[in-house]
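Student: Can you read through this structure? Questions will come right after.
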Amino acid sequence: MNANGDERRTQVRRGAIGVLRHGPRYCMVQRASGIPKGGFWCFPGGHIEPGETSRDAVKRELSEELGIEVETVERVGAVRVLDTNHVLAVWIVKRIGGVFRPAPAEIADVRWLTADEILTIPRTIPSNERVLKMLGE
């Protein structure tokens with residue numbers, strides 16, 4: 001209930017993230033300033049558009065954000081982003097083409113980090129820890 005006594009439903013916003021791994025390192029992106037959670041580190045991905053599946057969304061988002069083509073390998077679950085109304089489908093993906101070219105409007109930096117580095121990097125999105133647990137880290 002809000003201060004006026006009205007009950008309002010907060011609509012859940014669905015998204016999808018792609019877990020891209022190279023050896024013991026995962027592809028992590030730092031969100032650009034000027035967008036929600038700017039400066040924070042997370043797995044790449046974004047919103048699911050109306051009529052789009054999470055599988056299609058993760059492919060589109062990684063193409064738009066990073067300039068790469070991916071194949072979805074396995075959906076490992078979903079996580080809710082704490083302090084938001086976002087629920088993200090978590091996909092393991094494999095790069096099949098394209099050249100890494102981060103979109104500057106969305107991505108400030110890209111790094112390949114180990115699970116330990118992800119857990120200790122400043123300004124990381126809390127759901128990253130739950131994603132790593134899904135992956136057995």
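The values are calculated or read from the model by the stated rules, or taken from the named source; none is laboratory data. This one's a predicted model, so the numbers in the text were calculated from it and none came from an experiment. Ideal geometry is used to build each Cβ from the backbone, glycine not excepted, and the neighbour counts take in all protein chains shown. The area values use the complete protein model at the heavy-atom level, side chains included, leaving out ligands, DNA and RNA. Shrake-Rupley method; radii C 1.70, N 1.55, O 1.52, S 1.80 Å.
Student: Could you run the Karplus curve 6.51 cos²θ - 1.76 cosθ + 1.60 with θ = phi - 60° over the stretch 77-84 and give me ³J(HN,Hα) per residue in whole Hz, x for Gly and Pro?
Tutor: In residue order, the calculated couplings are x, 8, 10, 9, 7, 4, 6, 9 Hz.
Student: Counting only protein heavy atoms, what percent of the accessible surface of the stretch 71-115 is carbon or sulfur at a 1.4 Å probe? Write out the running numbers ahead of the final one.
Tutor: Numbers: 1420 of 2590 Å².
So the carbon and sulfur contribution to the accessible surface is 55 percent.
Student: Let me ask another. How much mean residue ellipticity at 222 nm does the chain get from its helices, if each DSSP H run of length 4 or more adds -39500 (n - 2.57) and you divide by all residues, to the nearest 500 deg cm²/dmol?
Tutor: Values: 3 runs with 27 residues, N = 137.
Counting only the DSSP helices, I get -5500 deg cm²/dmol.
Student: For the chain, with a Gaussian network of springs between Cα atoms less than 10 Å apart, report the residue from I118, I35, I48 with the top mean-square fluctuation.
Tutor: Among I118, I35, I48, the largest GNM mean-square fluctuation belongs to I35.
Student: Let me ask another. Assuming R0 = 41 Å, can you tell me the calculated FRET efficiency for the pair K94 and S33, based on Cβ-Cβ distance, to the nearest 0.05?
Tutor: Working: r = 30 Å, r/R0 = 0.74.
My answer for the efficiency is 0.85.
Student: For the chain, with a Gaussian network of springs between Cα atoms less than 10 Å apart, report the residue from D83, D116, D56 with the top mean-square fluctuation.
Tutor: Looking only at D83, D116, D56, the biggest GNM fluctuation is shown by D83.
Student: Sequence-distant or interchain residues sharing an amide H contact under 5 Å with I107, placed H: which?
Tutor: Amide H neighbours of I107, under 5 Å, 5+ apart: A32.
Student: What are the residues whose amide H is under 5 Å from the amide H of E69, where those residues sit 5 or more places off or on another chain and H is modelled from the backbone?
Tutor: I96, G97, G98
Student: Hey, can you find the accessible area per residue of the chain for me, probe 1.4 Å, expressed in square angstrom? Could you put the intermediate results ahead of the total?
Tutor: Values: 7960 Å² over 137 residues.
Spelled out: the 1.4 Å probe surface of the chain, per residue, equals 58 Å².
Student: How would H47, H86, H22 line up by accessible area, probe 1.4 Å, largest first?
Tutor: Values: H47 75, H86 45, H22 135 Å².
Sorted descending by solvent-accessible area, the residues read H22, H47, H86.
Student: What is the chain's relative contact order, in percent, from Cα pairs under 8 angstrom and six or more apart in sequence?
Tutor: On the way: 274 pairs, mean separation 40.5, N = 137.
Worked out over the chain, it gives 30 percent.
Student: Straight distance only, please: which aspartates and glutamates reach the Cα of K133 with their own Cα at less than 16 Å, same-chain residues fewer than 8 apart left out?
Tutor: Partners found: E74, D116, E117.
Student: Here's another thing I want to ask about it. If you find the alpha carbon centre of the stretch 25-43 and of the stretch 108-137, how far apart are they in angstrom?
Tutor: If you average the Cα positions of each part, the centres end up 11 Å apart.
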